[in-house]
1. Hey, if you drop one equal point scatterer on each alpha-carbon of the range 56-192 and run the Debye formula without solvent, what base-10 log of I(q)/I(0) do you get at q = 0.09, 0.11, 0.19 Å⁻¹?
2. How much accessible area does residue 603 have with a 1.4 Å probe, in Å² rounded to the nearest 10?
3. Please list, by residue number, every one of the GluC sites (Glu not before Pro) in the range 132-182 that is coil in DSSP and has at most 13 other beta-carbon atoms within 10 Å.
4. Over 19 Å between C-alpha atoms is what I'm after, so list which of 279/310; 279/320; 617/661; 371/593; 320/674; 273/310 land there.
5. So how compact is the range 218-286: Cα radius of gyration and Dmax in angstrom?
6. Quick check: net charge around residue 460, other residues with Cβ under 10 Å of its Cβ, Lys/Arg +1 and Asp/Glu -1?
7. When only C-alpha pairs under 8 Å and at least 6 residues apart count, what is the relative contact order of the range 53-204, in percent?
8. With a probe of 1.4 Å, find how much accessible area the range 184-269 has per residue, and write the answer as a whole number in Å².
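The values are calculated or read from the model by the stated rules, or taken from the named source; none is laboratory data. Owing to the predicted nature of the structure, the values given are computational and were not obtained by experimental measurement. With ideal geometry, Cβ positions are generated from the backbone for all residues, glycine too; neighbour counts draw on all protein chains shown. Surface areas here come from the heavy atoms of the whole protein model, side chains and all, with no ligands, DNA or RNA. Shrake-Rupley method; radii C 1.70, N 1.55, O 1.52, S 1.80 Å.
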Amino acid sequence: MANKPLDRNDKFSALRKRAERWLRKQPGQTLPSSVTSEMQKLVHELSTYQAELEIQNEDLLQAQSELERANQICCDLYDFAPVGYLTIDNNGLITQINIAAAEMFGRDRLRLLNKSFSSFIVRDDLPVYYRFRKDIIQTHLKQNCELQILSDEKSTIHVLLSGTEFNHSDDDRQFRITLTDISARKALEHVLTRKNRELEHAIDSMHDMITIHDREMNIIRASKSMCDTFNLEIEDLQGKHCYEIFCGSSEVCPSCPSIKAIDKQKTFTSVIKNHQTGKSFHVTCSPLINNGDDRNLAVHIVRDITQQLKLDEEYLQHQKMEAIGTLAGGIAHDFNNILTSVLGFSEIAQRKIPEGNEAKEDLDHVILAAKHAKTLVQQILTFSKKKQEKREPIQIAPVIHEVLQLIRASLPSTIRVIEKIDDDCGHILATQMGLYQITMDLCSNAVHAMTSAHGQLSVNLQRVAHSPCENGTADSAPKNYVLLTITDTGIGIEEKIVSRIYEPYFTTRSTDKGNGMGLAMVYGLVNDFGGYIEFESSPGEGTGFHVYFPIIGKETDIKIRDTAGPSPRGDEHILAVDDDKVIARLYQAFLGKLGYQVTIFSDSELALEYFRANPDKFDLIITDQTMPHITGMELLEYILQIRRDIPVILCTGYSSFISEKQVKEIGFKSLIPKPISQRQLANTVRTLLDATPTQTI
């Protein structure tokens with residue numbers, strides 16, 4: 001049973017008993033016998049009372065000592081607490097402050113007493129403090145706030161204030177406040193904030209798109225590049241599903257890498273395509289580990305690879321073209337040998353047929369087709385950079401006539417060809433093959449544009465004085481040009497594709513009717529020849545291309561290849577070497593009919609042995625390059641060791657090791673590309689034989 005507190009009477013009774021016990025312990029004092037019992041009782045009472053007073057005095061002294069000790073403990077706890085304590089009166093003056101708080105202010109405690117607390121607060125944080133006090137007064141509850149105070153009159157520190165009101169009187173209101181130094185925490189928060197900001201800036205500065213989303217594919221965070229790519233604001237992306245944005249779909253993508261990443265806690269990649277925009281994206285998806293909440297999040301790193309895929313496709317096309325060039329280079333020698341035989345023996349047969357015979361006209365078509373095949377091989381070699389033709393002064397009219405003659409043979413009778421060619425319109429600096437290709441491609445496009453196989457193809461060639469437009473401004477001085485105009489009555493060019501007609505691989509035809517390189521090649525060749533091209537078109541009415549070639553020099557100063565008259569003759573002895581026996585016999589037929597003595601060999605080793613045995617028998621040598629045993633270059637080296645004065649002609653269909661410049665440097669006197677014509681061979685042979693015989697290389 002708990003002890004009840006003693007009342008006043010009990011306290012005195014207990015005190016009396018203590019006094020009596022104390023007196024009994026004191027030395028006894030004998031009173032005189034004359035003292036009456038009454039007197040003895042009074043003396044005893046007084047002694048007891050004295051004893052009570054002494055006991056009470058001892059208790060008071062002990063209680064005072066304990067009170068002082070407790071008070072000292074409280075003062076020590078207040079002063080040496082690790083948290084700052086202070087008391088503020090109704091006027092905002094500091095009435096009490098402990099050592100920890102004084103150290104935060106960087107001042108002695110006595111200098112802080114009766115000073116306004118607000119005078120130590122950074123000015124920008126004063127509204128925070130006043131709000132803090134107002135909330136305490138209005139709510140009578142504990143309030144917290146964070147602000148900066150001035151420390152040692154120079155620096156500032158961040159503190160957390162917790163305050164209560166312990167006297168609600170309007171006249172004597174008191175506030176007890178604790179101060180906690182949170183500068184270290186604030187510094188850490190600042191570092192974290194700065195690092196987060198740097199991370200945000202790093203993410204937003206990345207070209208790749210970055211998104212964070214949950215398992216349901218809701219976008220939680222998106223980088224700036226993603227907003228720019230889809231022309232959206234951050235607010236527009238948040239809460240959207242990633243498949244809505246990237247795929248333009250209302251459902252999760254099949255084999256979604258995000259779901260795999262979250263489930264398996266591994267990184268997965270995938271390529272997705274937005275069928276609405278036609279864009280393709282490479283997605284790398286990784287799980288977010290230790291994300292601090294219960295959600296399963298994933299991060300996407302997305303790269304727009306639309307252009308890359310397009311470049312890959314173009315590169316694949318380029319590889320195909322390179323393969324064509326490699327294949328063409330590999331077979332050019334044999335193919336040109338065949339063309340040489342076809343062209344050469346057709347010319348021989350043609351001369352044997354009298355005028356008016358239908359067979360002669362048929363052979364004209366064979367010769368023209370062979371020349372066309374020769375040009376096609378040259379085009380492929382040039383396009384694959386296996387062969388570079390040197391530009392030379394050319395009269396364009398004969399090339400146009402030749403192309404039109406070939407085209408007429410393949411056109412349906414329902415398409416009319418109207419030509420107006422000025423045969424003496426001047427000379428341009430170009431290549432015969434390039435002119436052939438320009439004219440053939442433009443005419444071919446015109447024919448394809450007339451889809452109904454009915455229409456009119458017009459080809460005009462004339463000399464004009466024209467001011468070319470350069471950068472939108474007409475040149476003030478007109479220049480002389482040869483103008484080639486090719487027009488059709490076809491379907492025309494749609495306005496939406498006008499800007500793309502010269503792009504490589506761009507075509508409106510099906511894949512089995514062209515590769516889209518025609519106009520791109522035309523545009524490049526015209527620029528190479530120093531000219532420019534214009535066109536005009538109306539949908540449904542037709543298209544006209546106008547090609548301007550600058551005229552060069554004076555005709556009297558230009559050496560033009562002789563294309564008329566009989567071939568020059570001679571009686572010299574010529575050695576011809578070619579591993580193709582038909583070509584070797586063709587040399588014998590060509591030159592033998594012109595009076596030359598011709599010895600032929602199809603084996604280069606046998607030819608070299610015969611020449612060593614008879615070095616002075618021959619006046620000129622013709623050799624192929626690609627031959628078994630000894631190549632043309634090797635044969636030349638052996639021949640020049642025996643006779644340095646003999647002219648040697650290299651006649652080859654293709655060699656990746658020889659250019660026209662190298663031919664001269666090595667020691668050949670001339671290079672004749674296959675297939676050759678009798679006139680070209682005869683002119684070259686006669687020119688070299690008429691040269692100074694003592695000249696050496």
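1. -0.33, -0.46, -1.12
2. Using a 1.4 Å probe on the heavy atoms, I get roughly 40 Å².
3. Values: sites: 146, 153, 165; in loops: 153.
Hits after loop and neighbour filter: 153.
4. Working: 279/310 11 Å; 279/320 25 Å; 617/661 29 Å; 371/593 22 Å; 320/674 26 Å; 273/310 13 Å.
Going by Cα-Cα distance, 279/320; 617/661; 371/593; 320/674 fall outside the 19 Å limit.
5. When restricted to Cα atoms, the range 218-286 yields Rg and Dmax of 12.0, 33 Å.
6. Working: positive: 420; negative: 419, 422.
Overall, the nearby charge balance is -1.
7. Working: 224 pairs, mean separation 28.5, N = 152.
RCO, the range 53-204: 19 percent.
8. On the way: 5270 Å² over 86 residues.
Counting only protein heavy atoms, the per-residue value for the range 184-269 is 61 Å².
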